[in-house]
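Take a look at the structure below.
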Amino acid sequence: MSKKSIKTLLLVEDNPGDARLFRETFKEQGSLDTELTHVRSMSEAEKHLKAHAVDIIILDLGLPDAQGLAAVRRAHVAAPRVPLVVLTGLDDDTLATQALQEGAQDYLVKGQIETRGLLRALRHSVERKIMDDALFGEKERAQVTLNSIGDAVVCTDIEGNITFVNLVAEKMTGWSRQEAAGRPMAEVCRILDATTRKAIPNPMEKAVGQDRTLHLPSSSILIRRDGIEIPIEDSVAPIHDRERHATGAVIVFRDITERKRREDDLSRLAAVVESSYDAIIGLTPQGTILTWNRGAERIFGYSANEAIGQSILFLSPPNLPPESTTFLEKIGRADAVEHFETIRTKKDGTQIQIALTLSPIKNSDGQVVGVSGVARDITESKHLEEMLRKAQKMEGIGLLAGGIAHDFNNLLSVIIGYSEILLDSTHLDTKLHSQCEEIKKAGDRAASLTRQLLAFSRQQLLAPKVLNLNTVVLETGRMLKRLIGEDIEFRTNLDPTLGSVKADPGQIEQVIMNLVVNARDAIPKGGKIVIETRNADLDDKYALRHPPSIAGRYALLAVSDTGIGMDEETTNHIFEPFFTTKELGKGTGLGLSTVYGIVKQSGGFIWVYSEIGHGTIFKIYLPRVDEAVQQSQPCESAPDLFRGTETIFLVEDEESVRALTRTLLEEAGYTVIEARNGTQALETAGNYSGSIHLLLTDVVMPGLNGPNLAESMLVTHPKMKALCMSGYTSTFANFSGLVDSGVRLLQKPFSREVLLRMVREVIDSHEGAKSQSDQ
């Protein structure tokens, strides 16, 4: 640096002698070109500096209006850029050091000035000030730079006290620069480990001690002055002087709250992807697998290591066209593939049905850079849908079968009734009598078919009672052995702890017989039939997989055979009416449909499992009840014909049935009043003054139905008995209150004997029908 000449010098000294001595010494060593101005107080100095520029200030520390360091500070305020040399009468190193710390460039001791080379000392002070100003400028520029960056910067001295904080650090810590200056770093920057909640040891000391840059743990958090926690990442490095001696340290840290939030969001998204029951797969636009979650591992059987890097086409079955190629072409056009159902092959070779959705992943320019695929295994749901469709189909067929049976019952009532009348009048004509017998037999066979249709459609009148299935199986055992023949082994495996069920014993016998006969026909060359019972507690999971069953406590009745078995197509139709695999004329196709109807009407459900060459098993689940088994009462033999002289009110909307029934009753000695519907019956009964012993009415009629008619007539004929008849019994379930009051049901088609016997039983019963108001 070139030496700078001193043109103007300001001496601030209140002692005239010391001032004269300084002036003389300066003249001896100084330059004649230098102008020296002398003032006696700090106030005069401030006025001069305000009006004039000077190159250097010589300042006495014992002024009348400014003492010691206060004088230094006032001089700096008045002329912050002018070099300052303090003049003191005390050789006090402490005071001199403090003056230098306050910004003085040097100091002179009175009485020693002539020995120090005054001019040289003053020039050095000027040069030092120039250097200090340069350094100050660099420092200012460095501070501006540090304030402009986005990270917090905190500097400390070698003892760990703060010497500098930038604006970002002020904001993050909550401490201003002035408040933080001189404080220990650990007080201003409280840093904890978020995991342990313990303070992290002073990183400055460690960085200086190891003389290297260090990084804090990734879980570090800064506790701001107001207590708010800020996640940070940082580095700490030592500060060196020119001789590479550590003079302090600098810590640089940044607020990573937003990054942590994004990382947390990504972690949550990754957790959702991994925990998803569906397969979530990331692909390149060309179809190469990049990511493979646990759902994909579960569905397809391949681990992530096995799948990543392969083409998505490796899941396509070899016998199906690889439609994935078309999908990728659509994705390339930024189109999505939504819920496409297709087939894929698992690692074990099995094929499954999946619902596939593919969505393009675009960058900021709208270009497709990847593909997100979601696949759901819908094999089970498709199976359940098919089962539900089958159940709905059976319901529809049942409604149709019930309607047909109802209409047929009216016709068969007429056919059977008149054939019985003809049989009574054709004894002398053998040929005609024989022909009438064939008509009667055909009518009976047709009635049997309609009963089976009613059983299938769950419209058959049942007489349920609490029973044990083991008892029913044992009671039908002998008959079953005669049915199946000697070449088939018949066995039972009955659970002695089996719970009770509530069902019609006769209908359950019919179920067992139909199943055993069906099993017998499936074993043409000998084999085995087993009937098994046990308790079964079905949970919600089972019910979900086997609609329309519901969870609960059941008694299981299973009939299995070692016969030829059935394929899936056959098992899908076996419960449908008139479906049969037997030769023409060998079966009606109503046996299993009857079983289905009885089981459903009894509140249970039935499943069949079969494979070609491996036999068949039918499983029937009936709800268990906590009631005692009802013992059967022996039936008393009744006479072949029942007669009477009472008055019977016959109400039937089908004219042919009404005419036949009237004929049968009048031939048995009864007086008959008739009406074609409920409205006409009420009018006729209102005009009839005699006694009505029995109301015989159809259940389903236009306008007023039979049970409601009976209740209305009980008001005017309280001693009247009631008997309802119907070929379609499901409607009668709505009138259980009248049944409990004494109203009984005669199911069509009925024979003459059944009609007359039930009429006689109802008339002779001790309790008559009572209106619901009498209950």
_Looking at region 669-692, can you tell me whether even one residue there is acidic (Asp, Glu), within 20 Å of Gly417 (Cα to Cα) and open to solvent by 50 Å² or more (accessible area, probe 1.4 Å)?_
yes
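Take the residues in region 594-624 that are in a loop (DSSP other than H, G, I, E, B) and of a type outside the set (Asp, Glu); name whichever of them is surrounded by the fewest Cβ atoms within 10 Å (Cβ to Cβ). Write out each step before concluding.
Restricting attention to region 594-624, the residues satisfying the condition of being in a loop (DSSP other than H, G, I, E, B) are 602-604, 611-615.
If we keep only those that are of a type outside the set (Asp, Glu) as well, we get 602-604, 612-615.
Details: Ser602: 21, Gly603: 16, Gly604: 20, Ile612: 11, Gly613: 8, His614: 12, Gly615: 22.
Ranking the qualifying residues of region 594-624, first place goes to Gly613.
Out of the residues in region 327-340 meeting the condition of being under 18 Å from Ile280 (Cβ atoms) and open to solvent by 40 Å² or more (accessible area, probe 1.4 Å), tell me which one is modelled with the highest pLDDT.
Phe340
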*In region 147-157, is there at least one residue being assigned to a loop (DSSP other than H, G, I, E, B), touching a Ser or Thr at 6+ places or on another chain (Cβ under 8 Å), surrounded by 15 or more Cβ atoms within 10 Å (Cβ to Cβ) and at pLDDT 65 or above?*
no
*Here are some conditions: (1) open to solvent by 80 Å² or more (accessible area, probe 1.4 Å); (2) modelled with pLDDT of 85 or more. Lys3 meets all but one. Which one does it not meet?*
(2)
_I'm told Leu592 meets every condition in (1) more than 30 Å from Leu695 (Cα to Cα); (2) at pLDDT 85 or above; (3) touching a helix residue (DSSP H, G or I) at 6+ places or on another chain (Cβ under 7 Å); (4) aliphatic (A, V, I, L, M) except one. Can you identify the failing condition by its number?_
(2)
_When you check Lys748 against the structure, is it more than 26 Å from Ala659 (Cβ to Cβ) and at pLDDT below 80, yes or no?_
no
_Pair list, Cβ under 7 Å, 6 or more apart: region 267-279 residue under 20 Å from Gly301 (Cα atoms), other residue part of a helix (DSSP H, G or I) and open to solvent by 70 Å² or more (accessible area, probe 1.4 Å)_ = Glu274/Arg294
_Taking the criterion of being within 16 Å of Val374 (Cβ to Cβ) and open to solvent by 50 Å² or more (accessible area, probe 1.4 Å), would at least one residue in region 253-262 satisfy it?_
no
*Within region 490-512, identify whether any single residue is buried (at least 19 other Cβ atoms within 10 Å of the Cβ), in contact (Cβ under 8 Å) with a residue 40 or more places away in the chain and in contact with a Gly (Cβ under 6 Å, 6 or more places away or on another chain), and answer yes or no.*
no
*Going by the conditions given, is Ile620 touching a strand residue (DSSP E or B) at 6+ places or on another chain (Cβ under 9 Å) and either over 30 Å from Asp424 (Cα atoms) or modelled with pLDDT under 85 (or both)?*
yes
*Top-ranked residue of region 189-200 - restricted to ones that are in a strand (DSSP E or B) and among the basic types (Lys, Arg), ranked as farthest from Pro231 (Cα to Cα)*: Lys198
_Residue in region 286-300 that is nearest to Gln351 (Cα to Cα), counting only those that are in contact (Cβ under 8 Å) with a residue 24 or more places away in the chain and open to solvent by 40 Å² or more (accessible area, probe 1.4 Å)_ = Thr288
_Among the residues of region 235-246, are any part of a strand (DSSP E or B), out of contact with any helix residue (DSSP H, G or I) (no Cβ under 8 Å at 6 or more places or on another chain) and within 20 Å of Ala194 (Cα to Cα)?_
yes
*Being part of a loop (DSSP other than H, G, I, E, B), surrounded by fewer than 21 Cβ atoms within 10 Å (Cβ to Cβ) and not small (Gly, Ala, Ser) is the filter here, so list the residues in region 158-188 that pass it.*
Ile158, Glu159, Arg183
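Does Leu214 meet the test of being touching a Pro at 6+ places or on another chain (Cβ under 9 Å) and surrounded by 16 or more Cβ atoms within 10 Å (Cβ to Cβ)?
Considered against the rule, which asks whether it is touching a Pro at 6+ places or on another chain (Cβ under 9 Å) and surrounded by 16 or more Cβ atoms within 10 Å (Cβ to Cβ), Leu214 comes out as yes.
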*The lone exception for Glu509 - which of (1) over 19 Å from Thr562 (Cα atoms); (2) at pLDDT 85 or above; (3) of a type in the set (Asp, Glu) it fails*: (2)
*Is it true that some residue in region 440-453 is of a type in the set (A, V, I, L, M), part of a helix (DSSP H, G or I), modelled with pLDDT of 85 or more and surrounded by 16 or more Cβ atoms within 10 Å (Cβ to Cβ)?*
no
*Would you be able to tell me the number of residues in region 66-75 that are open to solvent by less than 40 Å² (accessible area, probe 1.4 Å) and more than 17 Å from Val39 (Cβ to Cβ)?*
2
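The values are calculated or read from the model by the stated rules, or taken from the named source; none is laboratory data. Values in this document were obtained by computation on a predicted structure and should not be read as measured data. As a convention, Cβ positions derive from the backbone with ideal geometry for all residues, glycine included, and neighbour counts pool all protein chains shown. Each accessible area value is taken on the protein alone, full model and side chains, heavy atoms only, with ligands, DNA and RNA left out. Shrake-Rupley method; radii C 1.70, N 1.55, O 1.52, S 1.80 Å.
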